[in-house]
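Trainee: This is the structure I want to talk about, given as structure tokens.
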Amino acid sequence: MVQVKGIREGLLFLLEAGEWEENRRALFRMVGERQEFWRGAKVALDSRTVVIGEEEILSLKDELSHYNLTLWAVLSESPSTQLAAQKLGLATHLSRPEKEDREALSTIVHDGEDAVLVNKTLRSGYRVEYAGHVVVLGDVNPGAEIIAAGNVIVWGRLRGVVHAGAEGNTQAVVCALDLQPTQLRIADQIALTPQRKGKPQPEMVHLQDGQLVAEPWNAKDR
């Protein structure tokens, strides 16, 4: 019943039509299944038409804190829910990105699987963590980090740290136009990339017989 999307500020949980208590149980089932992956995230809740009172929002905030998640915003089509959130000092809308950052982070859906699209270069200190696939249209510089439950695709130079299949998915892959990560990991297998010899080429890394294997990345082969 509860959907999750990556947004500029962190995570957005979207409820389905129905009763609050039913949605609350579904939300915490989802959170419990991936609590380590989302630990420390900022959370916004979009209740849509579901009406939530002040006490229920306060209880939700406390429960999320037990999972090291911070509720900072409640979006709603219900005026009473908006008022309840405002009384608790929570935001009731998402901040509009600056012009240069607009659409830098948006959620797309492909074959029923969630992916986050990062439309910029990730500089040192940037960290992208997502419970799905991560696609970067730009470079990943040394000091930047990507952690994904699914695949990691970099349409540029990959120089930072990347972990695909972070929840144990051994079928995950890492692809980049220039693959020279500081550290690369798929599921529980980890490797350092040796110094490149020769001209860079698009490559894909996957697990084969328990080992990380790199091969030319050719979309026609997939």
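Trainee: Among the residues of the range 11-56, count how many are surrounded by 14 or more Cβ atoms within 10 Å (Cβ to Cβ), touching a helix residue (DSSP H, G or I) at 6+ places or on another chain (Cβ under 9 Å) and of a type in the set (Gly, Ala, Ser).
Mentor: Summing the residues that are surrounded by 14 or more Cβ atoms within 10 Å (Cβ to Cβ), touching a helix residue (DSSP H, G or I) at 6+ places or on another chain (Cβ under 9 Å) and of a type in the set (Gly, Ala, Ser) in the range 11-56 gives 1.
Trainee: List the residue pairs whose Cβ atoms are under 7 Å apart, where the first residue sits in the range 54-83 and is among the acidic types (Asp, Glu), the second is buried (at least 19 other Cβ atoms within 10 Å of the Cβ) and assigned to a helix (DSSP H, G or I), and the two are 6 or more positions apart or on different chains.
Mentor: Final answer for the pair search is Glu54/Ala84.
Trainee: Looking only at the range 136-146, filter to residues that are surrounded by fewer than 22 Cβ atoms within 10 Å (Cβ to Cβ) and without any contact (Cβ under 8 Å) to a residue 40 or more places away in the chain; which one of those is nearest to the chain's Cα centre (by Cα)?
Mentor: Within the range 136-146, the first condition is being surrounded by fewer than 22 Cβ atoms within 10 Å (Cβ to Cβ), and the residues that meet it are 137-139, 141-143, 145.
Now drop any that are not without any contact (Cβ under 8 Å) to a residue 40 or more places away in the chain, which leaves 137-139, 141, 143, 145.
Details: Leu137: 15, Gly138: 17, Asp139: 18, Asn141: 19, Gly143: 18, Glu145: 12 Å.
Only one residue tops the list, namely Glu145.
Trainee: Can you confirm whether the range 98-121 contains a residue that is in a loop (DSSP other than H, G, I, E, B) and modelled with pLDDT of 85 or more?
Mentor: Residues of the range 98-121 in a loop (DSSP other than H, G, I, E, B): 98, 102-104, 111-112, 119-121.
Narrowing the set further to residues that are modelled with pLDDT of 85 or more leaves 121.
Yes.
Trainee: Could you check the range 165-177 and list, in sequence order, the residues that are part of a strand (DSSP E or B) and free of Cβ contacts under 8 Å to residues at least 24 places away in the same chain?
Mentor: Here is the first cut: in the range 165-177, the residues part of a strand (DSSP E or B) are 174-177.
Across the range 165-177, there are no qualifying residues.
The values are calculated or read from the model by the stated rules, or taken from the named source; none is laboratory data. Being a predicted model, the structure only gives us computed values, none of them experimental. All Cβ positions, even for glycine, are placed from backbone atoms using ideal geometry, and neighbour counts span all protein chains on display.
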